[in-house]
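Report on the following structure.
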Amino acid sequence: MGDQRALEEKRPSPAVRPQMTGSCVQAFQRQEHRNRTRPQPGKTSRTSLQKQAEAVRSRGRCGIRSCRLGSSGRETPGSGVVHQRADWGSIHEKICQLLIPLRTTMPFYNSEEERQHGLQQLQQRQKHLIEFCYTVAQKYLFEGRHEDAVPAALHSLRFRMNIHGLSSVELVPAYLLLAEASLGLGRIVQAEEYLSQAQWTVLKSTHCSNATHSLLHRNLGLLYMAKENYEEARYHLANDIYFASCAFGTEDIRTSGGYFHLANIFYGLKKLDLADSLYTKVAEIWYKYLNDHYQVLSQARVQQIDLLGKQFVNDTGLDEAQEAEAIRVLTSVLNIRELTTEKAPQKTVFVLKTLVMLYYLMMNSSKAEEYAMQALSLCREYQLDIQEQSTIQELLGLILAEEDQPIT
């Protein structure tokens, strides 16, 4: 009896019991709501599927989300779907499969020798991606696709940072690509930031190649051209030509870019004689390179079929970026020459002949034939040298012959 009475004394009073019961009911109702809305095992809600699909789309097959780099070089998340699509369309689609080995966790190696070999392979893949992204970005710039050049240049910069660190002179070419893209987009302040970073990196470096100095001065020249400070632009382009000549020679196609931009300045300042001489030099440099390459291929063409029984294939000896540069430079010179064709038709024909050779070696028969017919028409109209006509007719004959005999 005493124990029963003690239990009754410990039991909650009726006044307290309803309050506790109400609280428990509310908690129970909340739990029931969670259970009803929670996906059951083996089932996935439509919202969850959409989120997973969006994650896959944003990361791609390589497993990383599209990112952007600021001028400081830090990686920041891509700002929305627009930037992710731009990244995918510019470069990511081309390198997605190449990124997979870089994002895969390195396996456990049994020896230090195996580990070093694995690290060397990883670095080789990164170096390949650096050059590939750099070339793609350059190609976009020469084609005037400045917006597309930005993601490719950023990827090149990121891989350079992974291999060389944050303050290496190896980062300079990527900074210069970003500066040129910014200039093309009219973002002069942003271009100045990239160029300042590049200049500071070069100044801190104890060893910097003449080629890098040339690129830096060329982009500084472009910056001052955009700001219409032509004195400073001429100073930097002169330095560009000097360093490029030290690195490659005065008659190299990699030096011709400095002549071309300097000619544009003189043309804008109405100093037409100076501009004309520089445009002529640019055309001659490209013609010599293409003609030399064409002659080598012509000698090899004596034996039309190789050991595998395949037809001989043309080649420019240039990468995609250099081909795009040749097209842009030579078509720009042609547009200027066509304004004075009546005074100097032979100069127009010379540029046309150079373009014929370029497109022929690029295996673009339709464009090569178009320029060849135009050059031949001018030769006949102005009764130019017979040898000039025969050279163009020879090229035209090769073009038409290859159209009739497709490559197998």
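Just a few scattered comments:
- Among the residues listed as Glu394, Glu370, the single one being within 33 Å of the chain's Cα centre (by Cα) and acidic (Asp, Glu): Glu370
- Residue within segment 367-377 that is acidic (Asp, Glu) and touching a Leu at 6+ places or on another chain (Cβ under 8 Å) present: yes
- Set Asn291, Asn229: member being under 28 Å from Ile392 (Cα atoms) and surrounded by fewer than 19 Cβ atoms within 10 Å (Cβ to Cβ): Asn291
- Candidate set: segment 261-284, residues that are among the aliphatic types (A, V, I, L, M) and within 30 Å of the chain's Cα centre (by Cα); chosen: the one nearest to His236 (Cα to Cα): Leu262
- Restricting Gln387, Gln311, Gln383 to those that are of a type outside the set (Val, Ile, Thr) and at pLDDT below 85 reduces the list to Gln311.
- Arg158 being in the same structural domain as Gln126 (by TED's automatic domain parsing) and not polar (S, T, N, Q): yes
- Tally of residues being among the hydroxyl-bearing types (Ser, Thr, Tyr) and either within 24 Å of the chain's Cα centre (by Cα) or more than 24 Å from Gly186 (Cα to Cα) (or both) across segment 225-249: 2
- Counting only helices (runs of 4 or more DSSP H) that sit wholly inside segment 182-292, not one has at least 2 residues that are in contact (Cβ under 8 Å) with a residue 40 or more places away in the chain and in contact with a Cys (Cβ under 6 Å, 6 or more places away or on another chain).
- Selection from segment 243-273 of residues that are surrounded by 15 or more Cβ atoms within 10 Å (Cβ to Cβ), within 21 Å of Leu290 (Cβ to Cβ) and of a type in the set (Val, Ile, Thr): Ile253, Thr255
- Among the residues of segment 366-388, the ones that are assigned to a helix (DSSP H, G or I) and surrounded by fewer than 17 Cβ atoms within 10 Å (Cβ to Cβ) come to 9 in all.
- Count of residues meeting criterion [at pLDDT below 95 and basic (Lys, Arg)] in segment 159-204: 2
- Close contacts from segment 113-125, counting a first residue that is over 21 Å from Ser156 (Cβ atoms) and in a helix (DSSP H, G or I) and a second that is modelled with pLDDT of 70 or more and among the β-branched types (Val, Ile, Thr), with Cβ to Cβ under 9 Å and a gap of 6+ residues or different chains, come to none at all.
- One residue from Leu396, Leu358 being part of a helix (DSSP H, G or I), closer than 22 Å to Tyr279 by Cβ and touching a helix residue (DSSP H, G or I) at 6+ places or on another chain (Cβ under 6 Å): Leu358
- When Asp276, Asp240 are checked against the criterion of being at pLDDT 95 or above, farther than 30 Å from Leu178 by Cα and crowded, with 17+ Cβ neighbours inside 10 Å, a single residue qualifies: Asp276.
- Residue that is surrounded by the fewest Cβ atoms within 10 Å (Cβ to Cβ), among those in segment 129-181 that are in contact with a Leu (Cβ under 9 Å, 6 or more places away or on another chain) and without any contact (Cβ under 8 Å) to a residue 24 or more places away in the chain: Gly165
The values are calculated or read from the model by the stated rules, or taken from the named source; none is laboratory data. Please read all numbers here as calculations on a predicted model, not as lab measurements. All Cβ positions, even for glycine, are placed from backbone atoms using ideal geometry, and neighbour counts span all protein chains on display.
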